[in-house]
Each structure stands twice: as structure tokens, then as C-alpha cells.
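The values are calculated or read from the model by the stated rules, or taken from the named source; none is laboratory data. Everything numeric here is computed off the predicted structure, so don't read it as measured data. Because the Cβ atoms are built from the backbone with ideal geometry, glycine has one as well, and the counts that use them run over all protein chains shown. For accessibility, only protein heavy atoms count, side chains too; no ligands or nucleic acids. Shrake-Rupley method; radii C 1.70, N 1.55, O 1.52, S 1.80 Å.
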Amino acid sequence: MFEEILQNVAAKAPLVHCITNYVTVNDCANILLACGGSPIMADDENEVEEITSICNALVLNIGTLNTRTIESMRRAGLRANALGHPVVFDPVGAGASALRTGTAQSLLRDVRFCVVRGNSSEIRTLARGAGTTRGVDADAADAATEQTLDDAVLFVKTFSRQTGAVVAMTGAIDLVGDAETCYIIRNGCPEMGKITGTGCMLTAVTAAWCAANPDHPLDAAAAAVAAMGLCGELAHARAQAAGGGTGTLRMALIDAMSRLDAETLNRGIRIESR
């Protein structure tokens, strides 16, 4: 289903500028290399526009937000917009504090995003202007479930129409949609939530795959989400077989992404569209 997406990533090896979470920056760099891209991390406001200019995509992640990098994110985002580069936004912890919520809303107003990727509470906070989270984790009440799936799909499509961005709302059931179509993805495993940074890594992969497929941001984002979930499943199986725990899972996840091919992805993804 996503053969061309993967082929374009391999052929173009997109360079991704990440202004991202200090907790997960190394994992983001490694998953970018594993998925076929290349990372560069720069967040000083005196160089972000220049760095963004030489890259193919930009990630803005507010996981370790501070006042010094807010202006850096804005400048880099506007420069990427001017160049026509895809910008992927990860509003980590939106709803947990006034600074995070306000910054996320401000960036959403100022920067044109290709994809907004977050958990259900973060995405709903952006849509409502306020919300609650469990730190940087989603509130269970906001999650998409089989019982609430129709409403969640409608919400994703509506929010995409309002923002002009593909919306990737991830959780036990992942939803990736634009104003017309929403992919429902059921890959992944609960153990992925036991290691830090799987969401941040997914955001980085999404940016690389959108950069390599600029005319198909919805399919590129859906492919990234499905691939990350599938790699989590493969990593968990490998960790269990090795008698390992969460540390083994983290390394096996990067390994699985580095070895992923179209045949494995097509065979393993569980996806439908509405």
C-alpha cells in the first residue's frame, strides 16, 4: 500500500531540522537515520532560519519547552513556510500548563503546519483552546475507542479542516486524517508507552516521510504512524524472545525501523479508511 512512500524516502534521504525535546533528542536522531532520513538539531534563534533553509523538513516539539526556544520555533516555522518545506508540530503536554497551551496555540496561529501529531488530549486541547493531561500522557477520557470511533473520526476531520493540516491523533487506536479521509490504524502495543520518546520519534519519522512525499502528506503521515506501530510490535516480540525489558525494547524499536521494507509493512499493518 505504501511502497512508493518508502521508495521515495530511500531515494531522497531527507534532512530534517528538529527543534525538539531534550529528553528524547538522541532517539529522534537515531530513528531518523533508521527510517531513511538524516537529522540536524539546532535551536538557537540566531541560526534556526539558516539551518532550516538547508533542510527538507522541520519538526517543532514543545516537550521541554522554554522561553528561549519559543522564538526559535516561530522563526524556523515561518522560514520553512516561506520555502515550502513541511513542518510537523508535536504539542507535547499541551493542557498541562498555561505556557505549553498558550505556546501551542500561538504556533498554530503563526505557522502553517503540514501535520499536527499528538496524543488525544494534546490534540483536543489544541482544538478546544484548553484541556487536561496526565503530565505528557493522554487522559483516558480523551482516547479514541471502538465505542467512540465515529465521533473521533469526525473530530479529526473537522480539526484538519480548521487548521489545514493533516491531523495524527495517536493512542491505542491511531487516527490520521485530513478534511475528507481518515485512516484508522490498529498497530502498536501497550509496552511502547513504557519507554520515553516513542511519540517524539514518530513525529520525526513523519517529518522525514512527508519531506520525501510532498504531494501526499496524508499517506506519508499514515505510513509513518503504521510503520512505527508495526515496528513496536516487532520490537516487543524480539525483546520477549531475548528475555529483555524496556531497554531492549527501545533498541529493538530502532533496529526494526532500520530493517523495515515495503513487504514487511504491507504484510503487518492493520489499517482502514473512512
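Being open to solvent by 70 Å² or more (accessible area, probe 1.4 Å) and either part of a loop (DSSP other than H, G, I, E, B) or closer than 26 Å to V225 by Cβ (or both) is the requirement here; does L60 meet it? So L60 does not fit the description; no.
Residues in the stretch 123-175 that are within 18 Å of A223 (Cα to Cα), touching a strand residue (DSSP E or B) at 6+ places or on another chain (Cβ under 8 Å) and at pLDDT below 95: G171 alone. Taking the stretch 1-24 as the range and being open to solvent by 50 Å² or more (accessible area, probe 1.4 Å) and closer than 18 Å to M73 by Cβ as the test, the residues that pass are Y22, V23. For the stretch 198-217, give me each residue that is of a type outside the set (S, T, N, Q), open to solvent by less than 10 Å² (accessible area, probe 1.4 Å) and more than 15 Å from S258 (Cα to Cα). Within the stretch 198-217, A207, C210, A212 qualify. Of A237, A256, all but one fail to be without any contact (Cβ under 8 Å) to a residue 40 or more places away in the chain, under 19 Å from A172 (Cβ atoms) and in a helix (DSSP H, G or I); the exception is A237. When the stretch 187-215 is limited to residues that are among the polar types (S, T, N, Q) and in a helix (DSSP H, G or I), the one that is nearest to the chain's Cα centre (by Cα) turns out to be T203.
Please specify each residue of the stretch 167-191 satisfying the condition of being hydrophobic (A, V, I, L, M, F, W, C), closer than 24 Å to L126 by Cα and open to solvent by 10 Å² or more (accessible area, probe 1.4 Å). Result: A172, I173, A179. Applying a threshold of 9 Å to beta carbon distances and a minimum spacing of six or more residues, or different chains, the list of pairs starting in the stretch 241-252 at a residue that is small (G, A, S) and ending at one that is in a helix (DSSP H, G or I) and open to solvent by 50 Å² or more (accessible area, probe 1.4 Å) reads A242/T248; G244/R238; G244/M251; G245/K194; A252/L234; A252/A237; A252/R238. The residue that is nearest to the chain's Cα centre (by Cα), among those in the stretch 143-168 that are under 13 Å from V88 (Cα atoms) and of a type in the set (A, V, I, L, M, F, W, C), is A168. For the stretch 218-240, the set of residues classified as within 15 Å of A165 (Cβ to Cβ) and open to solvent by 10 Å² or more (accessible area, probe 1.4 Å) consists of L218, D219, listed by residue number. For the stretch 81-105, what are the residues that are farther than 23 Å from N26 by Cβ and not in a loop (DSSP other than H, G, I, E, B)? Once the filter is applied, which keeps residues that are farther than 23 Å from N26 by Cβ and not in a loop (DSSP other than H, G, I, E, B), the stretch 81-105 yields N81, A82, L83, A98, L99, T101, G102, T103, A104, Q105. Check the stretch 49-61 and report whether any residue there is without any contact (Cβ under 8 Å) to a residue 12 or more places away in the chain and either under 16 Å from the mean Cα position of the chain (by Cα) or over 30 Å from D261 (Cβ atoms) (or both). The answer is yes, given that some residue of the stretch 49-61 is without any contact (Cβ under 8 Å) to a residue 12 or more places away in the chain and either under 16 Å from the mean Cα position of the chain (by Cα) or over 30 Å from D261 (Cβ atoms) (or both).
For A152, the stated conditions do not hold, so it cannot be described as touching a residue at least 40 places away in the same chain (Cβ under 8 Å), touching a Leu at 6+ places or on another chain (Cβ under 7 Å) and small (G, A, S).
What pairs can you find where one residue is in the stretch 171-193 and touching a residue at least 40 places away in the same chain (Cβ under 8 Å), the other is among the acidic types (D, E), and their Cβ atoms are less than 7 Å apart, with a gap of 6+ or different chains? From the stretch 171-193, the pairs are I184/E272; I185/D174; N187/E233; G188/E233; C189/E233. Consider E45 carefully, then state whether it is open to solvent by 10 Å² or more (accessible area, probe 1.4 Å), acidic (D, E) and part of a helix (DSSP H, G or I). Answer is no for this residue.
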